[in-house]
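Below are the structure tokens for one structure; questions will follow.
The values are calculated or read from the model by the stated rules, or taken from the named source; none is laboratory data. The model shown is predicted, which means the values in this text are computed figures rather than measured ones. Because the Cβ atoms are built from the backbone with ideal geometry, glycine has one as well, and the counts that use them run over all protein chains shown. Surface areas here come from the heavy atoms of the whole protein model, side chains and all, with no ligands, DNA or RNA. Shrake-Rupley method; radii C 1.70, N 1.55, O 1.52, S 1.80 Å.
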Amino acid sequence: MRVKKPRGVFDILPDKLEKWQHLEGVVRDLAHVYGYREIRTPIFEFTELFQRGVGEETDIVAKEMYTFPDRRGRSLSLRPEGTAAVVRAFIEHNMHAWPQPVKLYYIGPMFRYDRPQAGRYRQFHQFGVEVFGCAEPAVDAEVIKLLLQFYEVLGLKGISLEISSVGCPKCRNEFTDALVSYIRPQTAGLCKDCRNRLHRNPLRLLDCKEPGCRGLLTEAPVPLNYLCPVCAAHFAALRNELLALNISYNINPHLVRGLDYYTGTSFEVMHAGIGAQNAIGAGGRYDNLVQTCGGPPTPGVGFAVGIERTLMALQDQGIGFPDAAQEGVFVVSVGEGTLRHALRVVQALREAGIRADRDYAGRGLKTQLKQAHRRGVKWVVIVGEEEISRGNVALRAMDTGEQIEVNESELIPRLRAWRA
Ligand code: AMP
């Protein structure tokens, strides 16, 4: 029997992968101009990191992690998100002693045992940034600007930004007291999970997906209305910074991200064209996370973008990327003894940085041209006995069919000029 791939994961085949690489190039260029440097952390960590960092009561940790014992019985988990591991690395490598703020970015796979559907997978990929060591709202705004510029550079339209503040632990206490008092008389209508959450982590009530609970919570208190003066001032300052950067947004007081570590600013970017899973990027401030994970008090802010969903949104808008195959050259050899010559031409092109391929078996001209056509290359170079005797090759543009004979020494400059 054939072994198939597990549910919720997928292969990325070359055609699609070239789109991924284009997107990754945009990420790297953008991160670079904003002064972020890449970090790569392991795919798995001790489970405890996510329990402490992301929060034991969150769906991500309680229900969606791939957790397994290693051969010595220690509990490991595939990372369900990127921030906790970057924080662990920040602490482990004493990055608080680096010039502050420390600005990092990552791209890589994340794993969640979620119910697969369009835009929701068990292995998916995120691009994320984290800034440590600066609590100023100007950094929150910069991070949001970087996120929006990422979509802009890709050409994605129709996105909307929602912002809110979930406040610090002080605001959180007041808010959760209000929430618990509000919901207590209606406890019977809550799902089993929410009845537990009510005692253990009431904030998580707000991200329950059960329709019954959602109904009960529509009029419930929201964190934004319980901000302490410091958090309220931070949020007001953030709004001014966004204004200065010409960024439009909606305030969504119901925005509570499904991770415990957020304090203050939280934000989400949506795209309307991709169905129910319409959040394409999200983030916020996590000023206590470094300390929670055992490091010195260090403020932090960041975001994570879902790469699959971003590509879906681009596809929805019919936005294409440059097709690498179109740039290529296919070298066709015609006649006895021309194969070796074709090899030299192919190598010369490759060494000049031009993508080139050929038919290895020296089949008939028609077959070779068909092969060139199927590959979708832009140019065909024909190496025939007659041309060789004149020191020339034929160069054909596949889109127009135009063909010229050029001296072999002219081929590379000619292709470059034509390409430019
Ligand atoms: P989160 O870490 O939950 O804040 O998610 C950040 C972004 O990652 C979301 O806005 C999505 O674009 C993406 N994302 C989260 N979970 C999944 C998933 N299971 N499959 C695909 N993308 C996801």
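Sequence neighbours fewer than 8 away in the same chain don't count; with that in mind, list the lysines whose C-alpha is under 24 Å from K19.
Counting by Cα, and skipping residues close in sequence, K19 has these lysines nearby: K5, K145, K157, K378.
How much length is gained if the chain between R184 and E385 is pulled fully straight, taking 0.36 nm per residue apart and subtracting their Cα-Cα distance, in nm to one decimal?
Details: separation 201, 0.36 × 201 = 72.36 nm, distance 8.94 nm.
So the extension gain works out to 63.4 nm.
If you don't mind, another one. Using a 1.4 angstrom probe with every protein chain in place, what is the largest-first accessible-area order of R72, R340? All intermediate terms of the calculation are to be shown ahead of the outcome.
Details: R72 190, R340 160 Å².
Descending order: R72, R340.
Hey, in the GNM for the chain with a 10 angstrom Cα cutoff, which one of R79, R350, R28 fluctuates hardest?
R350
At 4 °C and 1.567 mPa s, grab the translational diffusion coefficient of region 105-202 from Stokes-Einstein with a Kirkwood Rh over Cα pairs, rounded to a whole number in µm² per second. Write down the numbers at each step before the final one.
Values: Rh = 17.7 Å.
Approximately 73 µm²/s, per Stokes-Einstein.
Go through S389, S165 and list them by solvent-accessible area, largest first, probe radius 1.4 Å.
Details: S389 95, S165 5 Å².
I get S389, S165, largest accessible area first.
Please report, in whole Å, how far the alpha carbons of the chain spread along each principal axis, starting with the longest.
93, 57, 42
Enter the accessible area of S248 (Å², nearest 10), with the probe set to 1.4 Å and all protein chains included.
100 Å²
Explain nothing, just the number: dipole magnitude of region 324-419 about its Cα centre with +1 on each Lys and Arg Cβ and -1 on each Asp and Glu Cβ, in debye rounded to the nearest 20.
Details: 16 positive and 13 negative charges, 82 e Å.
Its charge dipole is roughly 400 debye.
For I382, enumerate residues with amide H under 5 Å from its amide H, sequence gap 5+ or separate chain, H modeled in the peptide plane.
V332, A394, L395, R396
Please work out how much accessible surface M398 shows to a 1.4 Å probe, ignoring ligands, DNA and RNA, in Å² rounded to 10.
Estimated to the nearest 10 Å², M398 gives 50 Å².
Moving to a separate point now. If r is the Cβ-Cβ distance from Q317 to N225 and R0 is 25 Å, what FRET efficiency results, to the nearest 0.05? List each step's numbers first, then the result.
Details: r = 37 Å, r/R0 = 1.46.
With R0 = 25 Å, the Cβ-Cβ based efficiency is 0.10.
Apply the Karplus parameterisation 6.51 cos²θ - 1.76 cosθ + 1.60, with θ equal to phi minus 60°, to every residue of region 103-120 and state each ³J(HN,Hα) to the nearest whole Hz, in sequence, with x for glycine and proline.
Going residue by residue, I get 10, 10, 9, 9, 9, x, x, 10, 10, 9, 7, 10, 6, x, 7, 4, x, 9 Hz, with x marking Gly and Pro.
Can you give me the Rg/Rh ratio for region 324-419, using Cα atoms for both radii and the Kirkwood formula for Rh? Intermediate values should be presented prior to the final figure.
Values: Rg = 11.8 Å, Rh = 13.0 Å.
Radius of gyration over Kirkwood radius for region 324-419 works out to 0.91.
As a test question: what accessible area, to the nearest 10 Å², does T292 have when a 1.4 Å probe is rolled over all protein chains in place?
60 Å²
With θ set to phi - 60° and the Karplus curve 6.51 cos²θ - 1.76 cosθ + 1.60, what are the ³J(HN,Hα) couplings of region 356-367 in order, to the nearest whole Hz, using x for Gly and Pro?
Couplings: 9, 9, 7, 8, 7, 9, x, 6, x, 4, 4, 4 Hz.
So how strong a dipole does the chain carry about its Cα centre when Lys and Arg Cβ are +1 and Asp and Glu Cβ are -1, to the nearest 20 debye? Each step should come with its number before you reach the end.
Numbers: 53 positive and 48 negative charges, 251 e Å.
Value, rounded to 20: 1200 debye.
Could you name the lysines whose alpha carbon sits less than 25 Å from that of K209, not counting residues in the same chain fewer than 8 places away?
Answer for K209, where 25 Å is the Cα cut-off: K63, K192, listed by chain and number.
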